[in-house]
Amino acid sequence: MFSRILVANRGEIAVRIIRACKELGIETVAVFSVADRDSLHVKLADQAVCIGGAPAKQSYLNIPNIIAAANNTRAEAIHPGYGFLAENAYFAELCETNGIKFIGPDPQVIELMGDKVKARELVKAAGVPLVPGSDGAVTSFNEAVRVADSIGYPVMIKASAGGGGRGMRLAHNKVSLREAIDTARMEAGAAFGNEEIYLEKYIEEPRHIEFQILGDESGNIIHLTERDCSLQRRNQKLLEEAPSSLLDEDLRHRMGSIAVEAARAANYYSAGTIEFLVDKNYNFYFIEMNTRVQVEHPITEMVTGIDIVKEQIRIAAGEKLTYRQEDVKINGWAIECRINAEDPLNDFRPAPGTVGQYLIPGGPGIRVDSSVYPNYTISPYYDSMVAKLVAWGNDRPEAISRMRRALNEFIIENLTTTIPFHLKVLDNAFFQKGEVYTNFIQRRMNNEF
Ligand code: MV4
């Protein structure tokens with residue numbers, strides 16, 4: 001096992017990783033920007049190194065400074081968390097060439113899965129169902145028209161280098177297809193330096209269901225069942241739950257087996273996520289794979305009892321999985337609310353600032369992953385997450401009532417947060433029936449938000 005790990009991230013996920021290291025008896029090195037001198041991850045780590053200015057480009061994305069910090073502190077491994085450098089294959093490769101273990105999958109797999117066209121081709125060959133669409137990238141308007149005519153409108157245009165809904169465009173007919181393709185290409189070029197696009201049939205009101213994967217470096221791969229992330233706003237997840245109210249045991253088993261096959265096709269190790277869309281007829285389709293630990297990983301931890309971050313670290317240290325698929329059981333129900341410093345009444349505009357009193361909820365079934373403390377200033381330089389509030393219950397109604405209780409208990413003075421919005425979602429009759437899907441917020445929350 002490692003004796004010292006550098007955590008190349010900030011905020012709640014840096015704190016989460018430091019906690020896992022402490023439980024494993026591993027020393028931690030935090031890195032921080034000049035805006036984060038007073039951050040909780042800096043206080044909790046054994047050592048901390050300033051890696052640059054407040055803008056992420058100068059610090060949390062500053063590869064030479066992070067590698068230097070790891071070398072200087074003789075850290076044996078780097079945990080990238082999510083965001084920033086977590087899915088940067090070049091960074092992962094550079095860690096390895098410096099003799100530092102990157103806590104994540106093989107750099108070539110990061111590269112492969114970052115290319116959504118290549119990822120589709122790879123898993124298709126392994127028999128994984130895809131959303132009907134183009135075979136590979138679409139290179140001309142005429143080709144796009146041919147594909148759209150054969151799969152039928154509406155179609156989604158997606159950026160090969162995108163993912164998570166970034167750079168997606170919808171086209172209802174041949175006329176709007178041309179404009180959608182031109183815009184998608186331009187946006188993808190500007191955002192990712194890569195104009196490659198592909199086409200998918202538009203799935204109406206799908207559910208976004210993702211399977212948590214764990215694999216070791218000996219080729220053992222299991223899944224930790226699913227998360228339902230259908231409640232999104234402009235491709236930002238607001239609330240996630242595990243398990244999904246949509247799946248029965250049979251569908252869970254079939255999707256889980258396919259998710260493991262998709263990961264196996266990539267020789268995957270470490271933690272990862274296979275994302276599916278599920279349509280109204282319970283057909284499921286692979287959309288992409290994420291090669292990092294995700295924001296919403298705690299709900300899977302709550303229902304399986306498996307510590308995903310500790311497993312990631314053990315796997316990176318060369319240990320074999322200690323769980324077999326038959327050891328993984330779902331116990332109860334978990335919901336996560338992402339509490340952001342944003343104004344739901346003002347188009348969810350970020351509202352960073354200095355918190356006054358800060359009192360987190362507790363009691364049965366409640367977990368709070370946060371790096372905020374009283375009088376802490378949330379910086380405008382980074383995302384506006386205040387806390388991930390997770391509620392566990394024996395069943396969905398109990399998880400909902402605990403979440404409602406905990407949201408009301410949370411004291412976050414002097415900040416505008418999304419808590420009132422989350423309470424409205426939990427009170428919504430459609431949500432309570434488990435009806436969450438694309439446009440839920442538009443269609444079901446219109447009057448309130
Ligand atoms: C789609 C889709 C409909 N058809 N792809 C992909 C990433 C995710 N963040 C949103 N994505 C979607 N991809 C096809 N071919 C609709 C969405 C989508 C969505 C899906 C499930 C639940 C909520 C959603 C909200 C917006 C968009």
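The values are calculated or read from the model by the stated rules, or taken from the named source; none is laboratory data. Since this is a predicted model, take the numbers as computed values, not measurements. Cβ atoms come from the backbone with ideal geometry, glycine included; neighbour counts cover every protein chain shown. Surface areas here come from the heavy atoms of the whole protein model, side chains and all, with no ligands, DNA or RNA. Shrake-Rupley method; radii C 1.70, N 1.55, O 1.52, S 1.80 Å.
Table for the structure above
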| read-out | value |
| --- | --- |
| Most positive-pole-ward Cα, Gly162, Ile151, Ala137, against dipole of segment 132-201 from beta carbon charges | Ile151 |
| Radius of gyration, Dmax [the chain; alpha carbons; angstrom] | 21.4, 61 |
| Val147, Val303, Val175, reordered so the largest accessible area comes first (probe 1.4 Å) | Val175, Val147, Val303 |
| Rounded to the nearest 20 debye, dipole of segment 4-103 from Cβ charges on Lys, Arg, Asp, Glu | 180 debye |
| Value in Å of the Kirkwood radius, where segment 207-444 supplies the Cα pairs that are averaged | 18.5 Å |
| Local electrostatic count at Gly163 - Lys and Arg +1, Asp and Glu -1, tallied over other residues with Cβ under 10 Å | -1 |
| Efficiency of FRET between Lys118 and Tyr153 - r from beta-carbon atoms, R0 25 angstrom, step 0.05 | 0.45 |
| Total charge dipole magnitude, the chain, about the Cα centre, Cβ charges on Lys, Arg, Asp, Glu only, Debye to nearest 20 | 460 debye |
| Heavy-atom accessible surface of the chain: percent carbon and sulfur, 1.4 Å | 47 percent |
| Local net charge near Arg146, Cβ-Cβ under 12 Å (Lys/Arg +1, Asp/Glu -1) | -2 |
| Accessible area in square angstrom per residue, the chain, 1.4 angstrom probe | 40 Å² |
| Segments 330-342, 149-161 sorted - mean Cβ within 10 Å per residue, highest first | 330-342, 149-161 |
| Too-long pairs where the Cα-Cα distance tops 20 Å, listed order kept, from Lys116/Lys201; Lys124/Lys310; Lys158/Lys280 | Lys124/Lys310; Lys158/Lys280 |
| Dmax and Rg, reported as Rg then Dmax, of segment 132-201 (C-alpha, Å) | 10.6, 30 |
